[in-house]
1. Suppose all protein chains stay in the model; what accessible area per residue would a 1.4 Å probe give for segment 161-215, in Å²?
2. So how tilted is helix 282-305 from the main axis of the chain? Cα-based, degrees 0 to 90, rounded to 10.
3. Relative contact order for the chain: what is it in percent, counting Cα pairs under 8 Å that are at least 6 residues apart?
4. Compute the acute angle (0 to 90°) between the alpha-carbon long axis of helix 392-410 and the principal axis of greatest extent of the alpha-carbon atoms of the chain; round to the nearest 10°.
5. Among all the lysines, which ones have a C-alpha under 25 Å from LYS411's C-alpha, if same-chain residues fewer than 8 places away are not counted?
6. Compute, for the chain, the length of the dipole vector about the Cα centre, with Cβ point charges of +1 (Lys, Arg) and -1 (Asp, Glu) only. Units Debye, rounded to 20.
7. First compute the accessible area of segment 230-298 with a 1.4 Å probe, then give the percent of it belonging to carbon and sulfur atoms.
8. Using only Cα atoms, tell me the angle between helix 98-109 and the longest principal axis of the chain; keep it within 0 to 90° and round to the nearest 10.
Amino acid sequence: MRGKITVVGLGPGGKQYLTVEALEIIKKAKPLYLRTERHPVVDFIKDLGIEIISFDYVYDKNEKFEDVYDEIVDKLIMISKKGSVVYAVPGSPFVAENTVQKLIEIAKENNDIQLEFIPGVSFIEAILNELKCDPVNGLKIIDSFQINFQKPDIDVDIIITQVYNRFVASELKLKLMEYYDDEYIITVIRGAGIKGKQKIVHIPLYELDRIEWLDHLTSIFIPKTSNNIKEKYGMDNLVSIMDRLRSKDGCPWDRKQTHETLRPYLIEEAYEVLEALDAKNMELLEEELGDLLLQIVFHSQIASENGYFDINDVIESICRKLINRHPHVFGDLKVDTAEKVLKNWEDIKREEKKEKSYTESLMRIPKQLPALMKSYKVQEKAAKVGFDWDNIDGAMLKVKEELEELHKVYKSGNVVATEEEIGDLIFAVVNVARFLKIRPELALNNTINKFIRRFNYMEEKARKSGLDLKEMTLEEMDKLWNEAKRLEKRQ
């Protein structure tokens, strides 16, 4: 027998929100199943002498809402096998009604379940009516329990539903403060359109969890921010600012930039991020990451103007790449170690790039990388196919061998051969660093900084003694240098 479930929307409040069709269906129901009796129109339905059966008891026996909805849906399907069912839900069947969505999904896979829907006025219309707002100007609706996934958009009006209690309000407030200023004025509305129960207050955001009368009929309305100066900005705002800077009425300097002219700034900003990391300065890191992000948006804007791609294409590309290269997270592949992850990443990358040889992966390493970083990556990739020393001892002996070859060549005066041997020696040292899991670029930078510190100590000490480095002997400078070394070790 094919079960039929008719879902009726009760509207957001009193009987004035019931449609004529909904009321006719409700009167014929024997009995009328309610997701919850906690709705203003239920007393009116009872006065009509209609038998009702509520699923409120399901809420009492389950801790999670998901379990509540699953059980209600299971019961409705089971009951429908014995005859037609009329199931009434608050508001509209298609606004914030999880049981309806679950029924629809099950019905897609089960031809024995027939669904019919009787529309109803949702709480959204009631809120808009009370606040005199037009959704055509932009409106986003968010479930408070999905706030981590349904991101607020400060450029449109927002309605957040299911602000059940102060705990939910507190969690919600903290999240919203990432997008709005603490004192941004929001509207809290309970029982929109319900005479005697409606309550509307306008408060600063930080007071949201101080309201004591929050309940299942409570939502909040957040008006969009002004088009001028905002309290907080998002990624879309950054893209809009760059678009304006590049417009005909924008900044002359920004307008004349190209991919080529921006090259040095991209490298410079990346190194400034590294400098902030080395300094362990989180405030500076925040600023420098912003500068680096600006370069990405800048290049994306130029590409967009020339019809190639925009920032959304860039974001989509990296999202797809991350999902594709993490099948152990987004797919069925089982990977239990970081080493296996890296191997799998490299295999997927080679497949994406359609590489037919291992040499192609070596040639893919960016030519603009600093030589130390590039040599490290070349050795790393070669090692993955087995072209490597068995242990660090072989790598150390190679350094010794290259040093001896350099000794033989440099006295000959052959500049080309000497340059080649110096390159071989550095390459061999990088190999030792790789075995020790030390990044040679960082190690060399640390040594450079150490040299500058010791040189500064030597110069300052000489100056205090009334000496100039140019007038000192190497032995005198070496003595001060060793003092600097001893002082550093004590510190």
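1. So segment 161-215 comes to 51 Å² accessible per residue, rounded to a whole number.
2. The angle comes out at about 80 degrees.
3. Computed over the chain, the figure is 9 percent.
4. So the helix axis and the longest Cα principal axis differ by about 40 degrees.
5. Straight-line reach from LYS411, under 25 Å: LYS398, LYS400.
6. Values: 73 positive and 86 negative charges, 148 e Å.
Rounded to the nearest 20 debye, it is 720 debye.
7. On the way: 2760 of 4880 Å².
Answer for segment 230-298 is 56 percent, counting heavy atoms of protein chains only.
8. Once rounded, one gets 90 degrees.
The values are calculated or read from the model by the stated rules, or taken from the named source; none is laboratory data. Note that the coordinates shown come from a computational prediction; the quantities given were computed from them, not determined experimentally. Backbone-built Cβ (ideal geometry, glycine too); neighbour counts: all protein chains shown. For the accessible areas, the whole protein counts, side chains as well, though only heavy atoms, and no ligand, DNA or RNA atoms are used. Shrake-Rupley method; radii C 1.70, N 1.55, O 1.52, S 1.80 Å.
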